[in-house]
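Report on the structure given below.
The values are calculated or read from the model by the stated rules, or taken from the named source; none is laboratory data. Source: prediction; values computed, not measured. Heads up, the Cβs are rebuilt from the backbone with ideal geometry, glycines too, and the neighbour counts pull from every protein chain shown. Remember, those area values only see protein heavy atoms, side chains included, never the ligands or the DNA or RNA. Shrake-Rupley method; radii C 1.70, N 1.55, O 1.52, S 1.80 Å.
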Amino acid sequence: MTKNRLLNIAIGICKFLKLIYILSFILTTVIFIHIQIDREAYNDIKINHTGTPTTFSIGSNKSYSDKWKDPYNEVYVLEKLTTTTIYLIYFKFTCIFILLFLSIKEFQNIIQSVKRLDTFRLNNILSFRQIGKYSILYFILTLLYFILTFNNTLYFGQGGFSQTSISFTPLLFALISFILAEIFKEGNKLQQENELTV
Amino acid sequence: MPIVINLDVILAKRKMRSKELAEIIGITTANLSILKSGKAKAVRFSTLEAICKALECQPADILEYAKEYPPSS
């Protein structure tokens, strides 16, 4: 199965995603350090919170010119985020990037073993369990961030906005990963039995 | 496992080497070694038939049931 196109594409996507996560991690760290050194550089970057409750996005002043006429919105610039909030956001995002990177790495290992026709090996069971553990960690991390920021509030100099949602999707991923680990464990047992049949 | 493989004994009686038997019955020496060491989880009837044919013996000569006793405390 070394020439399987689907598996090759999947491996390629995994490599690309790993690269994206590394670059995102580096970029986040650079911005985090730069924010500490020169806060005024982020004077005109405003934080938009008009999307879904679980997301917030960063946009320039020009693109939201109509929305930002409200004087209260002048408070919500990146420069005015409190130091604690910046640290918490950095902690959350770096941990997320690391966990996603590790999960993708494990998934890539599984696909590569399938390509080598070595699907039901013991390492794949461990990989699925690791992905499950990373998903649980991801959930705990978002929960921890939710608790630490008191209902996920982004604090600015004179106020803030909050969101009250916890995503249960990582728990679903963890459940699926653990179930797959059990399926692969059964497969490993059958493979061993087959190999030990003379 | 309470099933004991007496292949070594039969091979010694027939003065035949493992490699020779493996060639006759058409399995690898590694698989024959698994069978001899008792690590095998199952034996195909076709393999058993080939072994019996090559060694001129009955399946009962090769396989033996030894009752397992629980360890005394």
Can you give the FRET efficiency to the nearest 0.05 for B:Lys39 and B:Lys15, using r as the Cβ-Cβ distance and R₀ = 30 Å? 0.75
Between the range A:1-42 and the range A:83-132, what's the alpha-carbon centroid distance in Å? 14
Mind scanning B:Lys15/B:Lys53; A:Lys18/A:Lys105; A:Lys15/A:Lys133 and naming the pairs with a C-alpha gap bigger than 19 Å? A:Lys15/A:Lys133
Taking the chain alone as reference and the full protein assembly as comparison, with a 1.4 Å probe on protein heavy atoms only, the residues of the range A:179-198 that lose at least 50 Å² of accessible area are A:Leu196, A:Thr197, A:Val198
Nearest 500 deg cm²/dmol is fine: what mean residue ellipticity at 222 nm does chain B get from its DSSP H runs of n ≥ 4 alone, each adding -39,500 (n - 2.57), divided by its residue count? -14500 deg cm²/dmol
Rounded to whole Hz and in sequence order, give me ³J(HN,Hα) for the range A:180-192 from the Karplus expression 6.51 cos²θ - 1.76 cosθ + 1.60, θ = phi - 60°, writing x for Gly and Pro. 4, 4, 5, 5, 5, 5, 5, x, 4, 5, 5, 5, 4
Is there a simple number for the mean count of other chain Cβ atoms within 10 Å of the Cβ of residues in B:44-52, and what is it? 1
Using a 1.4 Å probe and counting only protein heavy atoms, how much accessible surface gets buried when B and A come together, both sides summed, in Å² to the nearest 100? 700
Solvent-accessible heavy-atom area per residue, rounded to whole Å², over chain B at 1.4 Å: 73
Rounded, prolate or oblate for the range B:19-69? Axes are the square roots of the Cα gyration tensor eigenvalues, ordered a ≥ b ≥ c, and the cut-off for rounded is a/c under 1.5. oblate
